Amino acid sequence: MHRTCSRTCRTFQTRRTLSILLACLSAVTPLSSANIDAATQAAAPTTRYERVVPSPDGIGKRYMGREIAGVMGWEGARWLERESRAREERPELLLRELALRPGMTVADIGAGTGYYTWQLAKQVGPGGRVYAVDVQPEMISMLDSQMAKRGVRNVVSVLGSETTVKLPPAAVDLAIMVDVYHELAYPAEVLDSIVAALKPGGRVVFVEYRAEDPAVAIKPLHKMSELQIRREATAHGLKWERSIGSLPIQHAIVFRKP
């Protein structure tokens, strides 16, 4: 009798333990799945980038196969306003290709000292607007000073961040980045924010020194190929419209937001 009772008790306890264990597992499984999904979503933005050993001109961070170049600090602002720039880059050719009209809203991303900003402002006229975006407060200060000296009143300077241009949604007809995109520490996030700021049908123009041309005497990480630009832009839903090849040492690749 005693042996029967012991065996019965052990059987009951085993079944009870198994029942409790199964109940716990069934309760934990959905929570674990939710945690995994949440962790995957949280990690998604960082998996866009690959950490590498920094090259002399890079930041040790790779996006879609290219290492991101180090940003030019505000201390180098004089280079943006160098006397030879107009001859080397022929900005009037680019401005003609943009076909801007009075009343348009344009965003100059990475505007620096405003070398292109005031020229864009003339194109869109008093009824238009140019958002001049930069991440360095010192550059914004210099840009504001330049606009005041030139009497330009249709420019709004914007201090952006490494991940966003901080522009109103669906407000911009055209966004342009002149020798800027290759230096963005978070190109995917910034490009997403630019796309959000574009009106439906709005354009974004990448102007970069031609990596395909060895005669362009610019450090390799500060040049981009058309193929690479198109690869990165189309990954954000932008549609290639045309490529401008009339500039002396740069190319300008035009995309449109559907």
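Listed values, structure above:
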read-out: Filter result for Ala77 (under 25 Å from the mean Cα position of the chain (by Cα), within 19 Å of Val205 (Cα to Cα) and of a type outside the set (Lys, Arg)); value: no
read-out: Verdict on Val130 being open to solvent by less than 10 Å² (accessible area, probe 1.4 Å) and touching a Gly at 6+ places or on another chain (Cβ under 8 Å); value: no
read-out: Answer residue from the range 46-57, given it is touching a Lys or Arg at 6+ places or on another chain (Cβ under 9 Å) and either charged (D, E, K, R) or surrounded by 15 or more Cβ atoms within 10 Å (Cβ to Cβ) (or both) and is nearest to Lys219 (Cα to Cα) among those; value: Asp57
read-out: Failed item in (1) farther than 21 Å from Glu50 by Cα; (2) in a helix (DSSP H, G or I); (3) open to solvent by 50 Å² or more (accessible area, probe 1.4 Å), with Val195 passing the rest; value: (3)
read-out: Pair list, Cβ under 7 Å, 6 or more apart: the range 196-208 residue within 26 Å of Glu89 (Cα to Cα), other residue among the polar types (S, T, N, Q); value: Val207/Gln250; Glu208/Gln250
read-out: Residue tally, condition open to solvent by 20 Å² or more (accessible area, probe 1.4 Å) and hydrophobic (A, V, I, L, M, F, W, C), over the range 161-179; value: 3
read-out: Members of the range 120-158 that are of a type in the set (A, V, I, L, M, F, W, C) and either part of a helix (DSSP H, G or I) or without any contact (Cβ under 8 Å) to a residue 12 or more places away in the chain (or both); value: Leu120, Ala121, Val124, Met139, Ile140, Met142, Leu143, Met147, Ala148
read-out: Of the criteria (1) farther than 18 Å from Ala233 by Cβ; (2) open to solvent by less than 30 Å² (accessible area, probe 1.4 Å), which one Ala148 fails; value: (2)
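The values are calculated or read from the model by the stated rules, or taken from the named source; none is laboratory data. Here the structure is a predicted model, which is why all the values come from computation and not from measurement. Note: ideal-geometry Cβ built from the backbone for every residue, glycine included; neighbour counts use all protein chains shown. Note: accessible area is taken over every heavy atom of the protein model, side chains too, but ligands, DNA and RNA are not part of it. Shrake-Rupley method; radii C 1.70, N 1.55, O 1.52, S 1.80 Å.
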